[in-house]
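To start, the structure itself, in structure tokens.
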Amino acid sequence: MTLTVFLAVLGAALLHAVWNALVKGGRDKTVAMAAVVVGQMPCGCVVLLFVPTPSVESLPYLACGVALHLGYQFFLLSSYRLGDLTQVYPIARGSAPLLVAAVSVILLQQELKQIEVLAIMVISIAIASLAIVRHGDGQRNPKAALLALCTGCFIAGYSLVDGLGARVAGTALGFYAWAVIGNAIVFVLVVGFKSPDVLRRLPSEAAMLTLIGGGASFIAYSLVMWAFTKAPIPLVTALRETSIIFALVIGVVFFKERASLVKFVSIIGVLLGAALMRIGSG
């Protein structure tokens, strides 16, 4: 992984933590998530004007990716309704790199250096350790942790599918732009059927979130999609989860969530894993 890719993924991590915090902080989290998803669509449409059309061979990856992103969004919503940002976000993001690495090595024959495998494990274990933290009221919250773990499975799924799809498509941004548009259309149809008032409330309640959250989400994952074509998918996925550091800071400072020794140790573990990854990349 080159320094350029390394820094791009770190930038994506920051943007990802920001838009997740905006969703978590929303009064109605369904409205907040809808704002982010819908807000990505104009970005996708603009990008399509400047990038090639993805190859036909990438269409199955595109369809599968849309379904996995949809599952991720709804499970993330359920997790945030029950748990703190500093619990849900780390578990969801922390479980994904281990799953991606396992599938990549076992099924996709992806070769990783020993130090890179160690880096992925350190990052994942450090983040997943936050499953033991308490809710803001001091109580354990196993249901939120379980939902966050399910969310992590969807993250692992779409990371693999999108990474492979971007390579087959021949254009990472073109593939992602169509994925964003497809995801937004399906999301709107599902939410419109289940809670039609949500879409009506977007212009009045979440106009700024649509612009800022949608833009941040689109740029963040565009950087990740580009990185998928430049470096091994497991490494990109693991490094992206350094966003946990930003999420922990936001949760403690702005949402007044509990600070703890476990959270501090988790941050140190993530930083150590990122450092190992850079060392392993030469």
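FYI, it's all coordinate maths here, none of it is from the lab. Since the model is a prediction, treat every value here as computed from it, not as a measurement. Here the Cβ is made from the backbone with ideal geometry for all residues, glycine too, and neighbour counts use every protein chain on show.
Working ranking of peptides 190-197, 73-80 by packing, defined as the average number of other Cβ atoms within 10 Å per residue, highest first, is 73-80, 190-197. List the residues of the stretch 171-214 whose backbone N lies under 11 Å from a point placed 7 Å from the Cα of residue 27 along the Cα-to-Cβ direction. Within reach of a label on residue 27, which here means backbone N under 11 Å from a point 7 Å along Cα→Cβ, the stretch 171-214 contributes 205-206. Building the convex hull from the alpha-carbon atoms of the stretch 144-237 and averaging its projection over directions returns 7.2 nm². Rounded to the nearest 0.05, the FRET efficiency derived from the C-beta distance between residue 208 and residue 2 at R0 = 41 Å is 0.70. Placing R0 at 25 angstrom, the Cβ-Cβ distance between residue 118 and residue 14 gives a FRET efficiency of 0.55 after rounding to 0.05.
For the peptides 96-107, 160-171, 50-61, the ranking by packing is 160-171, 96-107, 50-61, with the highest mean count of neighbouring Cβ atoms within 10 Å listed first. Positive end of the charge dipole of the chain (Lys, Arg +1 and Asp, Glu -1 on Cβ, about the Cα centre): tell me which of 118, 213, 245 has its Cα farthest that way. Value: 245. The chymotrypsin sites (Phe, Trp or Tyr not before Pro) of the stretch 240-272 meeting both criteria, a DSSP state outside H, G, I, E and B (loop) and at most 13 other C-beta atoms within 10 angstrom of the site's C-beta, are 254.
Semi-axes of the equivalent ellipsoid for the chain, computed as √(5λ) from the eigenvalues of its C-alpha gyration tensor and ordered from largest down, come to 26, 26, 15 Å. For the stretch 1-42, trypsin sites (Lys or Arg not before Pro) meeting the loop criterion (DSSP other than H, G, I, E, B) and having at most 16 other Cβ atoms within 10 Å: 27. First check a/c for the stretch 200-251, with a ≥ b ≥ c the square roots of the eigenvalues of its C-alpha gyration tensor; if it is under 1.5, answer rounded, and if not, answer prolate when a/b is larger than b/c or oblate otherwise. Note, shape of the stretch 200-251 comes out oblate. FRET efficiency for the residue 109 to residue 261 pair, using the beta carbon distance and R₀ = 51 Å, is estimated at 0.80. Let me check against my output: what whole-number percent is the relative contact order of the chain, with C-alpha pairs under 8 Å and at least 6 apart? With pairs under 8 Å counted, the relative contact order is 41 percent. Projecting label points 7 angstrom from Cα along Cα→Cβ for residue 146 and residue 197 puts them 3.0 nm apart.
Students often get this wrong, so check it: of 143/263; 113/230; 113/143, which have C-alpha atoms separated by over 25 Å? Going by Cα-Cα distance, 113/143 fall outside the 25 Å limit.
The packing ranking of peptides 230-237, 114-121, 201-208, highest mean first, is 230-237, 114-121, 201-208, where packing means the average number of other beta carbon atoms within 10 angstrom of each residue.
Taking 7 Å steps out from each Cα toward its Cβ at residue 190 and residue 57 produces label points 3.0 nm apart. Charge dipole (Cα centre; +1 on Lys/Arg Cβ, -1 on Asp/Glu Cβ; no other charges) of the chain amounts to roughly 540 debye.
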